[in-house]
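One structure below.
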Amino acid sequence: MATKKEVKEEVVEEVAVKPVKKTVTKKVTAEKDETAKKTTTKKTTAKKAEDKVENNEVKTTKKATTKKVPKDKTIQFWGTGRRKKSVARVRIMQGNGKFLINGRDIEEYFGLENLKVVARQPLTLTETTDKFDVYVNIYGGGFTGQSGAIRMGLARALVKFDENLKPALKKAGYLTRDARIKERKKYGLLKARKDQPFVKR
């Protein structure tokens, strides 16, 4: 027959063993969860990397298909000129000296020889009259203002073609905007300053 003391010791030993088993199982489950998380994160990162590679391949294929090739491979240089109310957009490219204004030849567009000379002044100064074809779109103002606007736009286009031409063109005044415009009419007068003729009464 076991005494009361021995029974108490056995019970104590059993109670002490049980929580040890629980802690071990908890640790094992925690380790399993961590390994599962690591494997899932590895899988997700691998999938993301594959998706990125696929997306990049799709983008590169789209760019290759949508790439446009310019029809005209000649290099062009642009310049904008203004004078009074005229605005000229001048485009030059290497050619034989053709000069078109709004689709018409300069000889046909300007009637006065003086206006043709003014429009061509940057080319004559830089000695490039036979090296470029000039195409001009112009609107606003009259013929004198348009010729000055073409001169300024042509000079700017030549500077874009070659920076070494800038000092000569600037010294001649072809790159500076002529700010002179018509003065507004005043009330009580016939024009900006012209008054009514004096009549003795």
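Values in this text are rule-based calculations from the coordinates and carry no lab data. Quantities reported herein were computed from a predicted structural model and do not represent experimental measurements. Note that each Cβ is placed from the backbone with ideal geometry, even for glycine, and that neighbours are counted across all protein chains shown.
Among 122-132, 188-198, the peptide with the highest mean count of other Cβ atoms within 10 Å heads the list, and the full ranking is 122-132, 188-198. Ordered by the number of other Cβ atoms lying within 10 Å of each residue's own Cβ, fewest first, Ile75, Ile106, Ile101, Ile92 fall into the sequence Ile75, Ile106, Ile101, Ile92.
Label sites at Lys182 and Lys131, each approximated as a point 7 angstrom past Cα along Cα to Cβ, lie 3.9 nm apart. Under a 5 Å amide H cut-off, with hydrogens placed 1.01 Å from N, Lys85 pairs with Gly142 among residues at least 5 apart or on other chains.
If a spin label sat at a point 7 angstrom from the Cα of Met93 along the line to its beta carbon, the backbone N atoms of the stretch 102-131 nearer than 19 Å would be those of 102-106, 129-131. Extension gain, Asp195 to Asp162: 0.36 nm times the residue separation minus the Cα-Cα distance gives 6.8 nm.
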